[in-house]
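All remarks here apply to the structure that follows.
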Amino acid sequence: MRRTVGVTAASAAMVVLVAGCGGGGPQSGGDGKLTGGSIVLGVLNDQSGAYSELSGRNSVKAVEMAIADFKAKYGDKAIAEDITVETADHQNKPDVASSKAQEMYDRKSVDIILDVPTSSAALKVADVAKEKKKLYFNIGAATTDLTGKSCNKYTFHYAYDTYMLANGTGKTTTEQVGKNWYILYPNYAFGQDMEKSFSTAITAAGGKVVGSDGAPFPNTSGDFSTFLLKAPTLNPKPDVLGTMQAGAELVNVVKQYNEFKLREKGVGLAVGLMFITDIHSLTPAALAGTTYTDAWYWNFDQQNRAFADRFQSETGTRPSFAHAANYSAATQYLEAVQAAGTDDADTVVKGLEGKEVDDVFLRNGKIRAEDHRVIHDAYLAQVKPQSEVAEPWDYVKVLKTIPAAEAFRAPSPDCKL
Amino acid sequence: MLRIENLSAWYGEAQVLREVSLDVAAGEVVTLVGRNGAGKSTLLRCVMGLHAGQRGTVELDGRNVGKLPAHRRARLGLGWVPDDRGSYATLSVTENLTLPPAVGPDPWPLARVYEAFPALYDRRDSAATMLSGGEQQMLALARVLRMGARLLLCDEPTEGLSPLLVQQVGELLREAKRHGVTVLLVEQNLHFATGVADRHYLLAEGRVAEAMDNSEVRSRERELLSYLGI
Amino acid sequence: MTGFLQNTFNGLVSGAFYALLALGLAVIFGMLRVVNFAHGAFYMLGAFGAYVLLTEAGVPFWAALVIMPVGLALLGMALERAFVHRLTRLDPLYNFLLTFGLTLILQDLVKLRYGVQSSPYETPSALNGSVDFGLFDFPTYRVFILGFAVAVCVGVWWVLTRTRVGMVVRACTERPELTRAFGIDVGRWVTPVFGFGIGLAGLAGVLAAPMRAVNPLMGADLIIVVFAVVVIGGLGSIFGSVAAGFGIGLVQAWGEAYLSDFPIISQTIVFIVMAVVLLWRPAGLFGREEAPA
Ligand SMILES: Nc1ncnc2c1ncn2[C@@H]1O[C@H](COP(=O)(O)OP(=O)(O)O)[C@@H](O)[C@H]1O
Ligand SMILES: [Mg+2]
């Protein structure tokens, strides 16, 4: 292992040296159309922690698939022969994310950074992109600040955000399941943001939040029973428990929701943010009937399924929406460079702004010029009962497609590019 | 029974015993006198096998026990009465007495211990550290008697005891001696020492300064007491 | 009133996990003077083992409840012999680092094979219902956990206080050197006691599998609170660790229920309690100041 690292470091040093001697550093490639003669995509995400399965190394795989498809499509007409991927683990830590992003842009000649889950880390990377004037497509993070007060010319928000989740789940559930909500959220930035977004969406749809509680985060005891016991005793009794917990905490909430038999007591379950991997952890039986908003589902239609099959043969698993979005983002970036004939960031941004796109991930997609929100159809999904699960990972049926224009918020006045 | 030859001991860099040699014959009661800090307790700990920084020879019944760990030495018949009395707070009086296994041919049954120490019997279920200092001293002695130890290493067993109790300790040691038990006794109370012991070693600055018999100690009592600073 | 009783009950259930884990840490610390940082990892292995046994070999919960603690106790004994033992003569920091490293290795090995995502584990069907307590009903599984953990704690307490084995362990724990001087081979007791403590962690892990997310990091957060529990109870104090375990479970549950308007307090209540206890009694509630050597 150490040896490999050493060799890699040595060859990286060589590359830098060669590039340095090759006359014309990255900034001065005036005659060439590409900085350094190549395109480098950087995937910066969680490769060891809580999000490493729903993004992680398989996001890198997705980006590699996009590069292969791009090369296959354009052959020798492709703008670059040399398209590579750089990758780094940000460990969900904002400071690590920031320094890795700087390193990618400055020393690894990365033209665009992709993915970056965890909102606090995502916002730091947006600052770096702005400072370095290099592209950044965020996929993994949820905060609307990326297209709000922290937006900038080089940052695009690709897959989803808290508004989309709240609007889809909050509105539809209020209309279809019940008006009275009890919201349980992890008491930190993401959870508070989700709680606010959900409350707004619920109220707008004519519902009412009869109670909301911030649970300790991280919840070291792993126990949520205080809140789960409280829910059915509120007046009026809530029809829906909305949980904003994510990952392992979500698993704990749902396990305990079932333990206390809240569904039998007339309190349904809605989940703020859920990935297919969470359903796998809990088993569909534990979640049957639960609704949530999904940015993409692998078994939605034939096109998705074909991608999912390819992805599975590469990785051994079905793609999460984040994987599909990474594939799409890398593809759209390469297409934009191809169209512009250069990887110069300002030119590429100009080409992307306002562009309408349809691909395996983006349906009715549009890259909004006003705030760089990438809008697309979203889906209200419901977990199937175990009896309807026909094959592994086929856990969800899509109840409703939420059209792109409704799925996301209008451009925020806070955003000035 | 016990032979010590050229025993040196250190605490880190500080040497506290310097080539000490002494011996104790079977059935003898021998005291070790010396100022505070002379190294008496350290010497007992070396015999017990509890002191890591040591060099020299310790022989029991002609057998070199230098390599044996403490618990193996105890099983050869050593009974330690430590200077802090060695009471366990988490053990009752009875448990303090019954913790060590019998190590000699003639262990006292518990009933006999309680007959000899009625005060301990009255507090048999209390934590040992709840006893008075004198009672704890008695407990420590009672424990090694119950073990049936053949060689007692007693570290100032009379310290802080009332005259009545000192007398009782003296009787116990004499009775033990009558039963053939050997005793190495660290003692500051010269009067008591000459009452129970056969011979005495004076330890000064980590060396055996003198070996004396009872008459010599009695005749030089004043000089010795002032030397010991009492 | 009903709400209060329910919260109390839940606090005791959380406390049951703390108590089992803290008890294991306390016996290990008492005997070896080692703060076993890997305790949370063994808890995780207990839960994961139950999951693997079920999915790979169809071994049900009840069998796992025996197999995992015993298996992990044996693993613990092997690790004690192979590593921990060699470092006990050195500064305690060495063993702390060793067990910390062990934690990372165990977590990563599990992560490598099963990923970070939680693995599913269902409540055994016999315990799937609710028990009616008149005023309120309560999940059977929680009642079972509470009863089981209390029984284990009482059993351990009985062995420690009423048997010769327990007496020797107490003596070794309190004054190892003196105990050696009384003819007892303290070293021989160290390995089984270490294994026993690890076994308790594994037991807690199996019990947790049906109600907590089973993933490689499940022990990592929990163990921090358990360390606080051990400190509050008094390092090495058996009774203290159990009492503080249940106590902290209660305090956390009540804090969440009645201080939810003050999230800062309810989130940090364990550490607030710890700070207060340490200011008042530096050796913990039931701890003794170390006897001077
Ligand atoms: N644990 C220890 N660490 C360092 N020095 C010690 C320790 N115990 C005793 N000493 C020193 O060793 C010397 C001998 O101590 P000790 O054997 O207890 O003497 P005595 O029993 O004759 O009073 C003293 O100078 C004492 O200060
Ligand atoms: Mg002394």
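Points to keep in mind about this one:
- When chain A is treated as a Gaussian network with alpha carbon springs shorter than 10 Å, the biggest mean-square fluctuation among A:166, A:308, A:78 belongs to A:78.
- Descending Cα extents along the principal axes, chain A, whole Å: 73, 48, 40
- A P(r) calculated from all alpha carbon pairs of region A:321-409, with 5 Å bins opening at zero, reads 3, 13, 18, 20, 16, 11, 8, 6, 4, 2, 0 percent.
- Positive-pole candidate from C:85, A:405, B:148, dipole of the protein assembly as shown, charges at beta carbon: B:148
- Heavy-atom accessible surface of the protein assembly as shown, averaged per residue, reaches 40 Å², computed with a 1.4 Å probe.
- The alpha carbon centroids of region B:77-155 and region C:2-79 are separated by 39 Å.
- Summing Cβ point charges (Lys, Arg +1; Asp, Glu -1) relative to the Cα centre of region C:32-188 gives a dipole of roughly 660 debye.
- Taking every residue in B:88-97 and counting other chain Cβ atoms within 10 Å of its Cβ, the average works out to 5.
- Neighbouring partner chain Cβ atoms per residue of C:111-118, average, 10 Å criterion: 6
- Fraction of accessible area attributable to carbon and sulfur, region B:130-230 (%, probe 1.4 Å): 51 percent
- Whole-Å semi-axes of region A:147-187's equivalent ellipsoid (Cα gyration tensor): 28, 13, 7
- Cβ-based net charge around residue A:178, under 14 Å, with every Lys or Arg adding one and every Asp or Glu removing one: +4
- Rounded percent of accessible protein surface that carbon and sulfur make up, chain C, 1.4 Å probe: 70 percent
- Among beta bridges that DSSP assigns inside the protein assembly as shown, antiparallel share in %, nearest 5: 45 percent
- Among A:386, A:281, A:199 the positive-end extreme of the charge dipole of chain A (Cβ point charges): A:199
- Per-residue mean of foreign Cβ neighbours for A:271-284 is 2 (Cβ atoms of other chains, 10 Å radius).
- Within chain C, the ratio Rg/Rh, alpha carbon atoms throughout and Rh by Kirkwood, equals 0.97.
- Cα centroids of region C:201-242 and region B:201-221: 60 Å apart.
- For the protein assembly as shown, a/c is not less than 1.5, where a ≥ b ≥ c are the root eigenvalues of the C-alpha gyration tensor, and a/b tops b/c. That puts it in the prolate class.
- Surface share of carbon and sulfur [accessible, 1.4 angstrom probe, percent] for region A:28-165: 45 percent
- B versus C: buried accessible surface, summed, Å² (probe 1.4 Å, to nearest 100): 1900 Å²
- Crossing angle, helix A:56-74 versus chain A [Cα axis fit, 0-90 degrees, rounded to tens]: 50 degrees
- Of the cross-linked pairs A:171/A:355; A:350/A:416; A:208/A:400; A:100/C:111; A:171/A:400, those separated by over 18 Å at the C-alpha level are A:171/A:355; A:208/A:400; A:100/C:111.
- In the protein assembly as shown, helical runs assigned H by DSSP with n ≥ 4 each contribute -39500 (n - 2.57); averaged across all residues and rounded to the nearest 500, the mean residue ellipticity at 222 nm is -15500 deg cm²/dmol.
- Extreme residue, positive dipole direction of the protein assembly as shown, given options B:71, C:245, A:250 (C-beta unit charges): B:71
- For the pair region B:19-64 / region A:156-226, the C-alpha centres are spaced 76 Å from each other.
- Dipole magnitude of chain A, debye to nearest 20 (Cβ charges: Lys/Arg +1, Asp/Glu -1, about Cα centre): 580 debye
- Check: the protein assembly as shown dipole with +1 on Lys, Arg Cβ and -1 on Asp, Glu Cβ, in debye: 1220 debye
- Relative to the dominant Cα principal axis of chain A, helix A:302-315 is inclined by about 70°.
- Taking the longest Cα principal axis of chain A as reference, the axis of helix A:247-259 is set at about 20 degrees.
- When the Gaussian network model of chain B links Cα atoms closer than 10 Å, the mean-square fluctuations of B:182, B:31, B:42 top out at B:42.
The values are calculated or read from the model by the stated rules, or taken from the named source; none is laboratory data. All figures in this text were calculated on a predicted structure; none of them were measured in a lab. For neighbour counting, all protein chains shown are included, and Cβ atoms are generated from backbone atoms with ideal geometry for every residue, glycine included. These accessible areas exclude ligands, DNA and RNA; they are computed on the full protein's heavy atoms, side chains included. Shrake-Rupley method; radii C 1.70, N 1.55, O 1.52, S 1.80 Å.
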